[in-house]
Amino acid sequence: MTHSTEWFSLQQAADVGDLTMPATVRGWQKIADAEGWRNATDRARRDGKGWVYHLSLFPLSTQVRLLLAARPAAEVAAPERSPLWQRYDALPDHHKQACAGRLKAVTAARQLMDTGMTLVAAAAIAAAEAGVSVSTLRNWLKAVKSHNRADWLAALAPEYKATASFAECHPEAWAALKSDYLRAAKPKFSTCYRRMADVAAKRGWAPIPSEMALRRRLAAEVPQAVITLARDGADKMKAIYPAQRRTKRKLRAMSLVNIDGHRFDVFVKKPGGVPFRPMLVGIQDIYSGKFVGWRLDETESRIAVRLAIGDMVEKYGIPDEMILDNGRAFASKWITGGTATRFRFKVRDDEPDGLLTQLGVKIHWATPYHGQAKPIERAWQDFCENIARHPFCAGAYTGPNPMAKPEDYGTRAIAWDAFKAFVDGMIAEHNARTGRRSETAQGQSFDQVFAASLADPMTIVRWPTTEQRDLWLLMAEEITAQRGSGEIHLLGNRYWTPGLVALAGRKVHVRFDPDDLTRDIKVYDRKGGFLMSASALGDVDFLDADAAHRTARLRSEYVKTQKKLRDLHVTMKPDQLGELYAPTLQAPTAPQKPAVTRLATGAPKAKPSDWTPDHEDGFGAVVDMISQRNARRSA
């Protein structure tokens, strides 16, 4: 046995609840003194603040309880989880108070028994003090007999179970009532009950309780979440479940940003145009809450998204990760091309890599129509109040919906440039406003939190190189260079440089500025490697002679340049090559005979006049050679 299962104190013996032995330390001390336990030096010793005694000194009934109480916690169910304590916890407060009164009476009876009083006498005295009958008290003593002292309170709990008793209702009537009430149309319970009662009268359904009785039964049997799901839909039911609370403590500035679009409830107007509600594309740093990039446009266009990302990267660097909305502008291949998890378009092998992909930004897609997945949604609420309803926008404010139009609706449209300057100033004020109560701000402004994080040596932000600046200033698109010249046709414009001749008929990637198509474009191979820049070839008037002469001059210079390049590579004249590669060997004149010749067959017979002595000698030599060969084979 281990130490904990061999030696016990008198307090432990009193707590195990052996009804045949004392329930107090004082009662056990009298037994130990009478039997001289401390004189048994091998079975009694001091341990810390008091004496402990070997298990063998205790009565057998107490030994069993001490061993049960000393079992490891893993082997014994925790009291608060046992059925005994579960029953006690389910009791109402007035029943728990009754348990405390019973425990007081039982404890008094056990203390009287420890003094030597009999069970009958002790029960009579304790029952009189508690104001109950002796039989009741003895039942309480019996209830705690098999439990440890620590569990007496729960053991004295009455057999109480809170159950609701409902009037009986015809099953088909009850089913019809529930099915009618639990519908998306959300009818009133009284209306459903009246319909059910009418049908019950016609079909003889009985019994049918009162409306109030069935209301109570519905509330008791059907969970509120089920009622919300059936009548309000899944979205309302999801809102019942507590939302998770995400912490920003482990983030830093520019480690994670969120981009989204917000349409202002304000009418603006461009020169010569009609009033419209502008769209703001904003990028917010998640850690600090600061807006690090934004652009205004007529729609949530990919151009505005690109420019907003470019503003952020040029001012504050490249973020590690970004949360994007599932809108078409953000899922555009111009922004996220080459990303395997892009939703809106299929990823093709020959598709240009998007801006974020080439910058090495990890992309996370926000759940559609789920504001909790986009922290920037909270800032849009501030913009509705502080920008759209600002006095500067008086007369141009449209209201959040057609049913909430202000009295001065449509009386004014703000000039585009003026509204852009106003929004820039208000976002700067939004970032600089102190007293923020976010997890990281704690009374500071978003600017202060952002600056403090950047100043932390642990914050490392990637900064763009000169080459990377083309990634957001120019868009990516795949173009096939024209056959022959290799010029590139893009959005009605032509671009060319001499190096494109080698790429004629091949597909290339180009990056261009859609806001200024007169700028040079960047030409890349299909793997993203930079090849060259190409200039725009502008159109000219049909009868523009100066332009024709200028083109002819440029073409002439181009031809001269190519001729010079040819002369640099072709350094030997044709006559020099002729002398270099002239043959130096001559054909042999003497005949060459093989070692063995074949007899001619099927040839015309020679005329007698053509037979010469040389023929005769040659024929004889052949015959002799054949004879010698046959002789050797015979030998």
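What follows is calculated from the coordinates using simple rules that are stated; it is not laboratory data. It should be emphasised that the depicted structure is a prediction, and the values quoted were computed from it without experimental measurement. Cβ: placed from backbone, ideal geometry, glycine included. Neighbour counts: every protein chain shown.
With only alpha-carbon pairs counted, each pair once and no self-pairs, how large is the Kirkwood hydrodynamic radius of segment 160-319 in angstroms?
Working: mean 1/r = 0.0467 Å⁻¹.
About 21.4 Å for segment 160-319.
Could you work out how far apart the two model spin labels at A455 and S190 are, taking each label as a point 7 Å from the Cα in the direction of the beta carbon, and quote it in nm?
So the two model labels end up 6.6 nm from each other.
Please find the FRET efficiency linking L19 to S210, where r is the Cβ-Cβ separation and R0 is fixed at 60 Å, and quote it to the nearest 0.05.
Details: r = 52 Å, r/R0 = 0.87.
Computed FRET efficiency for L19 and S210 comes out at 0.70.
Going by average Cβ neighbours within 10 Å, how do the peptides 129-136, 23-30 rank, with the highest at the top? Provide the component values of the computation, followed by the final result.
Values: 129-136: 13.4, 23-30: 17.8.
Highest-to-lowest ranking by the protection proxy: 23-30, 129-136.
Cα convex hull of segment 171-240: how many Å³ per residue?
On the way: hull volume 5.5 nm³, N = 70.
In segment 171-240, the Cα convex hull volume per residue is 78 Å³.
Out of every Cα-Cα pair in segment 80-155, what percent are more than 17 Å apart? Mind dumping the intermediate values first?
Numbers: 1262 of 2850 pairs.
Across segment 80-155, Cα pairs with separations above 17 Å total 44 percent.
Need one number: nm distance between label points at E168 and E298, each 7 Å from Cα along Cα→Cβ, rounded to one decimal.
7.5
Which length gain, in nm to one decimal place, applies between S146 and A415 when the Cα-Cα distance is subtracted from 0.36 nm times their residue separation? List each step's numbers first, then the result.
Numbers: separation 269, 0.36 × 269 = 96.84 nm, distance 8.77 nm.
Gain in length upon complete extension: 88.1 nm.
Within segment 268-293, find all residues whose amide N lies under 16 Å from a label point positioned 7 Å from the Cα of K405 along Cα-to-beta-carbon.
Counting only backbone N, you get 268, 275-277.
Ranked highest first by average number of other Cβ atoms within 10 Å, how do 619-630, 436-447 line up? Show your work: numbers first, answer last.
Values: 619-630: 10.5, 436-447: 15.9.
Put in order of decreasing packing, that is 436-447, 619-630.
So for the pair S485, A225, with labels modelled 7 Å out along Cα→Cβ, what separation do we get in nm?
7.0
Ranked from highest to lowest mean number of other Cβ atoms within 10 Å per residue, what is the order of the peptides 374-385, 273-284?
Values: 374-385: 16.5, 273-284: 18.9.
So the peptides 374-385, 273-284, ranked by packing, come out 273-284, 374-385.
Tell me, in nm to one decimal, what length is gained between E429 and A394 on full extension, where the rule is 0.36 nm per residue of separation less the Cα-Cα distance? Present the calculation step by step, with values, prior to reporting the outcome.
Values: separation 35, 0.36 × 35 = 12.60 nm, distance 1.96 nm.
Here the segment from E429 to A394 would lengthen by 10.6 nm.
So if we plug the beta-carbon distance of N493 and K270 into 1/(1 + (r/R0)^6) with R0 = 35 Å, what FRET efficiency do we get, rounded to 0.05? Kindly include the intermediate steps, with their values, before the conclusion.
Numbers: r = 24 Å, r/R0 = 0.68.
Efficiency at R0 = 35 Å is approximately 0.90.
Give the lysines reachable from K104 as a straight Cα distance under 23 Å; neighbours fewer than 8 places away on the same chain don't count.
K96, K142, K145
Need one number: the % of Cα-Cα pairs in segment 250-333 sitting beyond the 18 Å mark.
Percent of Cα pairs beyond 18 Å in segment 250-333: 44.
Please give the length that would be gained between S133 and K362 if that part of the chain were fully extended, namely 0.36 nm times their separation in residues minus their C-alpha to C-alpha distance (nm, one decimal).
Working: separation 229, 0.36 × 229 = 82.44 nm, distance 7.73 nm.
That pair, S133 and K362, stretches by 74.7 nm at full extension.
If you split all Cα-Cα distances of segment 409-534 into 5 Å bins from zero, what percentages do you get per bin, shortest first?
Going out from 0 Å in 5 Å bins, segment 409-534 shows 2, 9, 13, 11, 10, 8, 8, 11, 10, 9, 5, 3, 1, 0 percent.
Rounded if a/c is under 1.5, else prolate if a/b beats b/c, else oblate: with a ≥ b ≥ c from the C-alpha gyration tensor eigenvalues square-rooted, which is segment 120-246?
It is oblate, given that a/c is not under 1.5 and a/b is not larger than b/c.
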